Amino acid sequence: MRRSFATLICLLAALYTLMPLIWLLFGVTKTLPDLYSSNGFAPSAGFHVWDNITDLFARDGGLYGRWLLNTAIYAFGGAAVATLLSVMAGYAFDKFEFRGREKWYALVIAGVLIPNTAIVVPLYLLMSEIRMTDTMWAVLIPVMVNPFGVYLARAYSSGAIPGELLESARIDGAGELRTFFSVGLRLMGPGALTIFLFQFIAIWNNFFLPMVMITNNDLFTLGQGLFTWNTGVGQDPDYARMVVVGSALATIPLILLFIPLQRRWRAGLTEGGIK
């Protein structure tokens with residue numbers, strides 16, 4: 001009975017999570033009248049996927065393609081730098097003794113507890129002072145810092161990197177940087193991948209920070225651009241179809257990235273603790 005109840009709860013949670021995606025998949029196949037007149041969870045009488053996608057990328061001079069490229073730059077660039085910095089910081093906190101180490105680490109943990117939305121306005125004021133608002137750097141620089149990634153990296157480093165191995169590298173004449181990149185970073189690969197995936201998904205879905213920092217249409221993210229189109233439905237009802245199709249396409253890169261790396265990602269979550 002307990003197992004059946006737990007399975008039922010998991011099935012309900014899965015259904016609740018997948019329902020919006022299922023609605024989007026059906027919505028991509030429909031024309032604008034079908035979106036409003038037909039059942040949202042029923043296929044269209046015709047199959048208009050290719051026409052919808054073509055109209056999406058042609059709309060407003062191809063803005064959607066530009067937004068997709070911008071989001072990819074923000075996500076890949078920000079996640080890559082944030083992962084490297086997090087792994088380096090976590091490795092340093094774990095393997096080096098220095099004055100005030102635990103106090104500095106406590107400050108990092110405090111950063112984890114602060115909601116991202118709480119610091120967006122101070123970040124805007126700071127970027128405004130150095131005249132970097134309405135540029136890509138206004139979004140990229142804040143997402144390159146990930147306190148939660150530092151926490152994960154230190155936890156993983158403590159279990160995945162034996163101190164004796166680092167001592168052997170130093171005895172062989174390797175400097176600290178070479179020891180990190182040749183030994184430490186390789187052993188922390190699964191943990192680094194976990195941090196990258198977390199940060200990539202967070203940046204890809206980030207809405208509030210770009211909304212505050214960016215006003216130029218050519219620099220919008222997908223979320224910001226689709227929100228702008230959604231607010232224009234009153235003037236042009238066809239924007240509703242563009243928002244549905246664009247939202248569905250926006251999930252594809254996450255699926256393509258997440259599913260092939262799922263095994264390594266799960267290993268990164270558990271391997272450090274198991275060791």
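Charge dipole of the chain (Cα centre as origin; +1 on each Lys and Arg Cβ, -1 on each Asp and Glu Cβ, all else neutral): 840 debye, rounded to the nearest 20.
3J(HN,Hα) along region 199-204, derived from phi through the Karplus expression 6.51 cos²θ - 1.76 cosθ + 1.60 where θ = phi - 60°, amounts to 6, 4, 5, 5, 6, 4 Hz, with x in place of Gly and Pro. Where only DSSP H runs of four or more residues are counted, the chain gives -23000 deg cm²/dmol as its mean residue ellipticity at 222 nm, each run worth -39500 (n - 2.57).
What the Kirkwood sum gives for the chain is a hydrodynamic radius of 21.6 Å, with every pair of different alpha carbons counted. Remark: C-alpha extents of region 82-128 on the principal axes read 37, 21, 17 Å, sorted largest to smallest.
The calculated P(r) of region 170-242, using every Cα pair and 5 Å bins from 0, goes 3, 14, 14, 12, 11, 8, 8, 9, 7, 5, 4, 3, 2, 1, 0 in percent.
Counting only chymotrypsin sites (Phe, Trp or Tyr not before Pro) that DSSP places in a loop and that have at most 14 other Cβ atoms within 10 Å, the longest clean stretch of the chain runs over 99-206. Would you please classify the overall shape of region 1-149 from the alpha carbon gyration tensor, given that a ≥ b ≥ c denote the square roots of the eigenvalues, rounded means a/c under 1.5, and beyond that prolate means a/b larger than b/c while oblate covers the rest? The shape class here is oblate.
Relative contact order for region 61-169: what percent, with Cα pairs under 8 Å and sequence separation of 6 or more? Normalised by residue count, the contact order of region 61-169 is 50 percent. With N counted as the residues of region 89-231, its alpha-carbon radius of gyration over 2.2 N^0.38 Å works out to 1.30.
Rounded to the nearest whole Hz, the Karplus-based 3J(HN,Hα) values (6.51 cos²θ - 1.76 cosθ + 1.60, θ = phi - 60°) of region 103-120 follow the sequence 5, 5, 5, 4, 5, 5, 4, 4, x, 5, 7, 8, x, 4, 5, 6, 9, 5, with x at glycine and proline. Label separation (Thr54 vs Val112): 5.1 nm, computed from points 7 Å beyond Cα along the C-beta direction.
Projecting the Cα atoms of Phe96, Asn205, Val143 onto the dipole axis of the chain, where Lys and Arg carry +1 and Asp and Glu carry -1 at the beta carbon, places Phe96 farthest toward the positive end.
Each reported figure results from applying straightforward, stated rules to the coordinates on display, with no laboratory input. No experiment lies behind these values; they were computed from the predicted model shown. Every residue, glycine among them, receives a Cβ derived from its backbone with ideal geometry; neighbour counts consider all protein chains shown.
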